[in-house]
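Note sheet for the following structure.
Each reported figure results from applying straightforward, stated rules to the coordinates on display, with no laboratory input. What you see is a predicted model, and the numbers here were worked out from it, not measured in a lab. Note: ideal-geometry Cβ built from the backbone for every residue, glycine included; neighbour counts use all protein chains shown.
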Amino acid sequence: MSVVGGMFRKMAILSVKHVCKSYKTGLIKKKTKIILQDITFDVQEGEVLGLTGASGSGKSTLIRCIMRLTPVDSGTIIMDGTDLLQLSPTDLRQSRKVMQMLFQNPASALNPRKTIRESLAEPILIHQLPEATLKEIPGILDMLQLKKDLLDRYPHQLSGGELQRICLGRLLLLRPRLLLLDEPTSMLDVSVQAQIIEIMRNIRKEYPITVLFVSHDLALLKAVCDRIGVMEQGKLLELQPVEELFQHPSEQYTRDLIRAFNDF
Amino acid sequence: MRTKLGQLHYIYKLAIIVVLSIILCAVLAPWIAPYDPYQVSIDEILQHCSAKHWLGTDALGRDLLSRVIYGARTSVAFAVAVALCTMLVGVSLGIAGGYFGGITDRVIQCLVSMIQGLPGMSMMIAIAAVLPENDFRLIIAVTLTSWAGFSRIVRSEVIRIKGETYVEGIKSLGAGNRYILKEYVFPNILPVIAVLLTLRIGTSLLSASALSYLGLGVSPPAADWGVMISDARTYFRSYPVMILAPGIGITLFSLGINLTGDALCELLSIKKGPENKEM
Amino acid sequence: MDIRIRDLSVSFVTNGKNLAVLKNISLGLVQGTVTAIIGESGSGKSVLGAALARLLDPQAVISGRILYGDTDLLLLDEPEMSEIRGKSISWMAQNPVSAMDPLQKTGDFVTEILDFRKAFPSERLQEIGIKQLRRFGLQNAETVGQSYPGALSGGMAQRVLISAMTVEEPEWLIADEPTKGLDAMGRRQVYLNLCQLARERRMGMVLITHDLRLAERLSNYIAVMYAGEIVEYAGTGEFFASPGHPYSRGLVAAQPDKDMKPIPGDITDLPASASGCSFAPRCPSFCDRCSEKQKMVEKDSHFVRCWRYVQENGDTFR
């Protein structure tokens, strides 16, 4: 391992360059609706990057594009030197190991016909990890502050907070380096949200996973992020360290957003 | 939370019992039928109900009760075979179109629209008429004309499930299409398939009987409910039992199987329990 | 008129099992004030709201009394109740988009109840609808009134719902999670609308929410619910200055702008003894006395269902 001049050098784990996306709507009179407009930013190794904006600003679409769950019109998304948008389906499946996503609605995030135990074991099955990984499950449940007797239940018998933690645990079995969170707590109560955030913090103490956190809750992002990006109508208006953003927002929209938040 | 068998409405229970006993009759026909259904007896033609022949005899002196029992065999076997074939075609094309989308879907949808645009019964008769006379022509004719509706329902179910977060979730975990289809899509459309299949058995029985009645299905002297009704045409004013017995068989079975379908629907669907309801 | 809830219990029977959702709720709601009911999902707060408008599932087993003035709402028959709903007590559903008919223009939705009651000639309805929408800050009310619910943003849909539910100027508005799922802008607009109703028109409100900031800004009184019981009731200022129940303290501490300290455990954790405090399994200051039945104790109109509250405050009250 080489130490570059003993200095801490920041590396971009993910860089998004000029990503554009639009939908065509209408049957006869075709209209083009722009969802993402020339989005460019880097996610640094080890940081928590927040993305915020009003509903419909394209923040969720952006991370779905990064996961390649929805196609992109143009641009590049580079992770570890490879353009994710050019990968073949087989290579893409391999790349999934390093990059994982947590969804907004935990109530439908697990197959209703599988027990929690079966769902938790799926990443091992899919990526043909060694059998020994199965033994990690109890440890992960502890870390997630979940009881063991949940394992033999079905998703509809669990609360939203429990399900979201199970989903998180399932991703962590793969030891991803980048975690994309799409409003992971917006359907949950604040106390449950606090619990999930605490767990995330504990995990990050153990190994420095990079997080891209999408939320419309500025207070939440302020509490957990290093940098925050503000999106409006498909454009990334600004991306600043948290303190900087709250003290000297450079865009009028950001100022409005912060004001709407502080004095509502 | 799931509904258990014992919690079903008594009508459903009755229907399941009726369907099971008809199937049992069909399976045990050689043991429970009092006579050979093909035994022609010139001395005993067109008899009314009696202690010897409970339902009387037909124009060739064959025992009606035995023919009804054996008829259950042919009719139910055909209905099930036809429904299975329809399901096989419908489900595979429905999944292919719904899951993969794009050009595959468009081609299949085009075919579906074409078939659904044609009058079903006339097509069935036409296909059965041009095919060589054997027992498979019935299966082919009914399957070709009835898979379309089946595949359309399966397709819309697959599209719904494809949009669920859990499918996106497993996709982003790195699962391939084969895994998703086998572990996610198929188990979740299974209840729908099961219900459709039972309903299809009912309609298949009706279609097969109709074709047999027209002489395009099972060929005489086979004991089949449709054939029997056809044979009874000329006599039913004086001997109503001849047409009533197979007719009741058809009605009971298709009614029973339809209700069984509804019961299956209740049994297989996952309902949210009150313990998890948003309060 | 004030609404007084007396010993209200609601339970649902499924598969022979009896599931108690509300347990002996007693609560006074003062005319012209806002009472916020806060708690986690599963605490029964939405059921309480629906019970006030008599909109519970017909299979629910209800006991107790809900007195509106001198009439017990639970004894009224359906036609009498529908006279009260909308005119005196209005209930706002949780998800505004699915609370509207997707094939009905929002303008017609707002005035539908007036049309139903034949209160105004139908030519005037459109004008009333637009006026009502404009009152809630929807600038281009004509366009909004002509659009269908699917075309509205979450914040706009919520404001349309507020306009529709208050078109008859009810005395009471029961708002079930009015800011759920809204972004900062939408949340602020809905807050301003509710504020306008409460401050300018002195509309009484029952605000069912888990948004503590909204409750703090808008309400006069706070009732905290946990597992079907009210565990704390106090004036809003008093509550946020010194929350009394360990659960309330946990809720306040879990806010993102506080230190986001989670409450351990889950709401489905059941206490060891059925009669004891239902929060005991998750309580940081749990001890033996928590398995006894907890009574509501009061100090200067601050009610807390926790025996420790007595201990902490000395013997200064009964």
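What the table below lists for this structure:
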quantity: Check on B:Ala141, outside any helix (DSSP H, G or I) and of a type in the set (A, V, I, L, M, F, W, C); calculated: no
quantity: Residue check, B:Trp54 surrounded by 14 or more Cβ atoms within 10 Å (Cβ to Cβ), closer than 23 Å to B:Pro246 by Cβ and either of a type outside the set (Asp, Glu) or in contact with a Gly (Cβ under 9 Å, 6 or more places away or on another chain) (or both); calculated: yes
quantity: Residue that is farthest from the chain's Cα centre (by Cα) [pool: residues in region A:144-159 that are touching a residue at least 40 places away in the same chain (Cβ under 8 Å) and more than 9 Å from chain B (Cβ to nearest Cβ)]; calculated: A:Gln145
quantity: Candidates B:Val158, B:Val195, filtered to the one that is of a type outside the set (D, E, K, R), touching a residue at least 60 places away in the same chain (Cβ under 8 Å), part of a helix (DSSP H, G or I) and in contact with an Asp or Glu (Cβ under 9 Å, 6 or more places away or on another chain); calculated: B:Val195
quantity: Residues that are at the interface with another protein chain (Cβ under 9 Å from one of its Cβ atoms) and either over 22 Å from A:Asp91 (Cβ atoms) or assigned to a helix (DSSP H, G or I) (or both), drawn from region A:120-136; calculated: A:Glu122, A:Pro123, A:Leu125, A:Ile126
quantity: In region C:47-87, the residues that are touching a strand residue (DSSP E or B) at 6+ places or on another chain (Cβ under 8 Å), surrounded by 14 or more Cβ atoms within 10 Å (Cβ to Cβ) and of a type in the set (Gly, Ala, Ser); calculated: C:Gly49, C:Ala50, C:Ala51, C:Ala53, C:Ala60, C:Gly64
quantity: Residue among A:Arg93, A:Arg117 that is more than 8 Å from chain B (Cβ to nearest Cβ), among the basic types (Lys, Arg) and at negative phi; calculated: A:Arg117
quantity: In region C:164-192, residue surrounded by the most Cβ atoms within 10 Å (Cβ to Cβ) [restricted to those that are among the polar types (S, T, N, Q) and over 23 Å from C:Ile3 (Cα atoms)]; calculated: C:Thr179
quantity: Among (1) on the phi > 0 side of the Ramachandran plot; (2) within 23 Å of the chain's Cα centre (by Cα), the one test that A:Gln128 misses; calculated: (2)
quantity: First in region C:4-24 and at the interface with chain B (Cβ under 10 Å from one of its Cβ atoms), second anywhere and among the acidic types (Asp, Glu), Cβ under 6 Å, 6 or more apart; calculated: none
quantity: Residue, nearest to the other protein chains (Cβ to nearest Cβ), within region A:176-196, restricted to residues that are out of contact with any Lys or Arg (no Cβ under 8 Å at 6 or more places or on another chain) and part of a loop (DSSP other than H, G, I, E, B); calculated: A:Asp189
quantity: Out of B:Ala59, B:Ala15, sole residue that is under 25 Å from B:Ala210 (Cα atoms), out of contact with any His (no Cβ under 9 Å at 6 or more places or on another chain) and part of a helix (DSSP H, G or I); calculated: B:Ala15
quantity: Scan of region A:78-89 for residues that are surrounded by fewer than 17 Cβ atoms within 10 Å (Cβ to Cβ), part of a helix (DSSP H, G or I) and more than 8 Å from chain B (Cβ to nearest Cβ), ordered by number; calculated: A:Gln86
quantity: Extreme residue, nearest to the chain's Cα centre (by Cα), among residues of region C:195-209 that are within 11 Å of another protein chain (Cβ to nearest Cβ) and hydrophobic (A, V, I, L, M, F, W, C); calculated: C:Ile208
quantity: Of all residues making up region A:233-255, the number that are closer than 22 Å to A:Ile35 by Cβ and either touching a Leu at 6+ places or on another chain (Cβ under 7 Å) or surrounded by fewer than 22 Cβ atoms within 10 Å (Cβ to Cβ) (or both); calculated: 9
quantity: Any hit, region C:234-249, residues being closer than 20 Å to C:Leu8 by Cα and either away from every other protein chain (no Cβ under 11 Å) or surrounded by 22 or more Cβ atoms within 10 Å (Cβ to Cβ) (or both); calculated: yes
quantity: Residue within region A:162-170 that is surrounded by 17 or more Cβ atoms within 10 Å (Cβ to Cβ), in a loop (DSSP other than H, G, I, E, B) and within 11 Å of chain B (Cβ to nearest Cβ) present; calculated: no
quantity: Options B:Gly247, B:Gly176; residue that is within 14 Å of chain A (Cβ to nearest Cβ) and out of contact with any Cys (no Cβ under 9 Å at 6 or more places or on another chain); calculated: B:Gly176
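Conditions tested, residue by residue: (1) part of a loop (DSSP other than H, G, I, E, B); (2) under 18 Å from the mean Cα position of the chain (by Cα); (3) aromatic (Phe, Trp, Tyr).
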site	(1), (2), (3)
C:Arg213	no, yes, no
C:Arg217	no, yes, no
C:Ala223	no, yes, no
C:Tyr233	no, yes, yes
C:Glu238	no, no, no
C:Ser248	no, yes, no
C:Pro256	yes, no, no
